[in-house]
Amino acid sequence: MEGIGGDGASVASPLPQWGHDAWRMYQYYLDKTTPHTAYRWIGTFVIAAIYCLRVYYVQGFYIVSYGLGIYLLNLLIGFLSPLVDPEIEASDGPLLPTKGSDEFKPFIRRLPEFKFWYSMTKAFCIAFVMTFFSVFDVPVFWPILLCYWIVLFVLTMRRQIAHMIKYKYIPFNIGKQKYTGKKASASSSGSRGD
C-alpha cells in the first residue's frame, strides 16, 4: 500500500518541478534585463509596433486597443505620480518639498520604471494574443473611441501637470547631477613619480 502512494507522488512531481524550473529560468532572464533600460524599451516599442501592424492588418479589435490604451494611461499616471501624495495622505516619511526653503527629498515613484516597463510589455503581449480570437473583435465605431481616449488623456495629463506644478516636482532625472565616481587628480599622480 505504501509503495503505491509513493509511486503516485513520484509520477506527479516532475510536472510541478518542470513548472518551477521554467519560472526560475524566466525570472533569471528577466532579472538580467534590469540594467539594460534602453534595450528593454526598444524591445517594447518593437512589440507595440507589431501589435499596431496586426490591428491595422486585420482591421479590427479596436475595443481591445481601447482597453489597452486605458490600461497604459493608468500605468503612466502611476509612473508620473509620487509614492506619497501630499493631497491624499499624511506621512512620516519623505514628502515632496512645497516651499523653496524645504530640503530636497528625492522623487520616489508610485510605479517604478521596471514595473512600468514590465506591465506595459505584458499588456501589449496579451493584447496581441487576444487579436487571434474573434470573440474579442467587437464591432465598434473606432473614431469615437479614439476621440474619447484623446479627451481622457488630455484631461488626465492636465490634472497631473497641475499637480506637479503645485507640489514642485519633476518625475524625470533630466538635468540632475549624477555621481560618476572618484576622479584621480593630477597632483596625486605627479607626486607618485618623485
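Side notes on the structure shown:
- Accessible area per residue in Å² at 1.4 Å probe, computed on the stretch 18-79: 66 Å²
- Computed from the C-beta positions of Glu113 and Gln17 and an R0 of 45 Å, the FRET efficiency is 0.85 to the nearest 0.05.
- Taking all protein chains together, Ser134, Ser65, Ser13, Ser81 sort by accessible area into Ser134, Ser13, Ser65, Ser81, largest first [probe 1.4 Å].
- Available extension along the chain between Phe132 and Lys168 is 8.4 nm, counting 0.36 nm per residue and deducting the alpha carbon span.
- Full extension of the chain between Leu146 and Tyr26 yields a length gain of 39.6 nm, computed as 0.36 nm times the residue separation minus the alpha carbon distance.
- With both labels modelled 7 Å from their Cα along Cα-to-Cβ, the Arg159 to Ile88 distance reads 1.1 nm.
- A crude spin-label estimate for the pair Thr37 and Ile63, with each label 7 Å from Cα along the Cβ direction, gives 3.9 nm.
- Annotation: amide H of Arg109 within the under-5 Å range of Leu83, sequence separation 5 or more or interchain, hydrogens built in the peptide plane.
The values are calculated or read from the model by the stated rules, or taken from the named source; none is laboratory data. Source: prediction; values computed, not measured. In this analysis, Cβ positions are derived from the backbone assuming ideal geometry, glycine residues included, and neighbour counts consider all displayed protein chains. With ligands, DNA and RNA removed, areas are computed over all heavy atoms of the protein, side chains included. Shrake-Rupley method; radii C 1.70, N 1.55, O 1.52, S 1.80 Å.
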